[in-house]
1. If I ask for residues that are within 20 Å of S80 (Cβ to Cβ) and outside any helix (DSSP H, G or I), which ones from region 93-119 would you list?
2. For region 226-235, state whether one or more residues are over 18 Å from V71 (Cβ atoms) and at pLDDT 95 or above.
3. Got a sec? Which of S110, S129 is in contact with a strand residue (DSSP E or B) (Cβ under 8 Å, 6 or more places away or on another chain) and under 20 Å from A184 (Cβ atoms)?
4. How many residues are in contact (Cβ under 8 Å) with a residue 60 or more places away in the chain and in contact with a helix residue (DSSP H, G or I) (Cβ under 8 Å, 6 or more places away or on another chain) if we restrict to region 213-247?
5. Among the numbered criteria (1) out of contact with any Asp or Glu (no Cβ under 8 Å at 6 or more places or on another chain); (2) among the small types (G, A, S); (3) surrounded by 14 or more Cβ atoms within 10 Å (Cβ to Cβ), which one does S212 miss?
6. Does region 189-206 include one or more residues that are touching a residue at least 40 places away in the same chain (Cβ under 8 Å) and small (G, A, S)?
7. Taking region 124-179 on its own, how many of its residues are touching a residue at least 24 places away in the same chain (Cβ under 8 Å) and part of a helix (DSSP H, G or I)?
8. I want to confirm something. Restricting to region 193-219 and keeping residues that are in contact with a strand residue (DSSP E or B) (Cβ under 7 Å, 6 or more places away or on another chain) and in a loop (DSSP other than H, G, I, E, B), which single residue is nearest to V71 (Cα to Cα)?
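The values are calculated or read from the model by the stated rules, or taken from the named source; none is laboratory data. For clarity, every value in this text was computed on a predicted model and none was experimentally measured. Here the Cβ positions follow ideal geometry from the backbone for every residue, glycine too, while neighbour counts run over all protein chains shown.
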Amino acid sequence: MFWTQAVPKSPLEVEAIKRKFDIVELPDAEIFLASATHILARELGYKTSSERRSCVLGDGRAIPMMSYGLVEYVLGLDLSAFDLLELGGGGSTQFWAGCARSVVTLETNSDWLKSLQAQGLRNVEARLSTPERVASDVLELGRKFDAIIIDLAANRCRLAMRALEVLKAGGFVILDNSDWYPNASRALRDGDLIQVDFHDFRPLHHFRCTTSLFMHREFRPKPRAARLPLVPIGGKDLADTNQWDRP
């Protein structure tokens, strides 16, 4: 329950209002914490993901098990002309299939592969590999990609170096759990890609992690909607009233 401060109220009037409407007064810190918890648990889908044991946003959309900040950034991009290579499939494959023109997924877990193939995603080609062979299997595809996702149970440093060989100009590489793979991150930086780190919570984890975006120097983000960035989940949209943003 809130009331306007336009008309000053005496302490006695304030107490009378509290009793009438059964108001409990909380410090600002507690209110801010409650709001932040609501955004994470409900709007970003953290609670629902934990209950379902699958990665979804609050509105039910399937997302990768990656930093929320990275996921929201990708949601703002138009990748409809992108051919994407996913090294490590699973629940994320449906998400990438909804973003890109085509997806090639190399997976080392046969059960995950069967699950992917059973989904019948029309623009996804899923193949079985092994941790030892996946780097060479990338080359045997005989093509290059606009985006490469590295999220596989294999040597990610080798995969990072291989990704540099098959990345198209103007594309990008996403390295998940990059905070655990500093050598893989260094390899991509040494390949002259621009690194942007997204430190954040993610579904099904009780601690913060990092997903990193490595952009080719010719990468030019194309917005999916009329604006970029999108209004963040749980954020405030002031674009229409912000006089400081008028050309």
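1. A100, R101, S102, V103, V104, T105
2. No: region 226-235 contains no residue that is over 18 Å from V71 (Cβ atoms) and at pLDDT 95 or above.
3. Working: S110 fails: under 20 Å from A184 (Cβ atoms).
Matching residue, one of S110, S129: S129.
4. Qualifying residue count for the region: 7.
5. In the conditions (1) out of contact with any Asp or Glu (no Cβ under 8 Å at 6 or more places or on another chain); (2) among the small types (G, A, S); (3) surrounded by 14 or more Cβ atoms within 10 Å (Cβ to Cβ), S212 misses (1) alone.
6. Within region 189-206 (the criterion being touching a residue at least 40 places away in the same chain (Cβ under 8 Å) and small (G, A, S)), the answer is no, since none of the residues qualifies.
7. 17
8. Step one: list which residues in region 193-219 are in contact with a strand residue (DSSP E or B) (Cβ under 7 Å, 6 or more places away or on another chain), which gives 193-199, 202, 208, 210-219.
Applying the additional criterion that residues be in a loop (DSSP other than H, G, I, E, B) yields 193, 202, 208, 216-219.
Working: L193: 20, R202: 9, R208: 14, H216: 19, R217: 21, E218: 22, F219: 18 Å.
The residue in question is R202.
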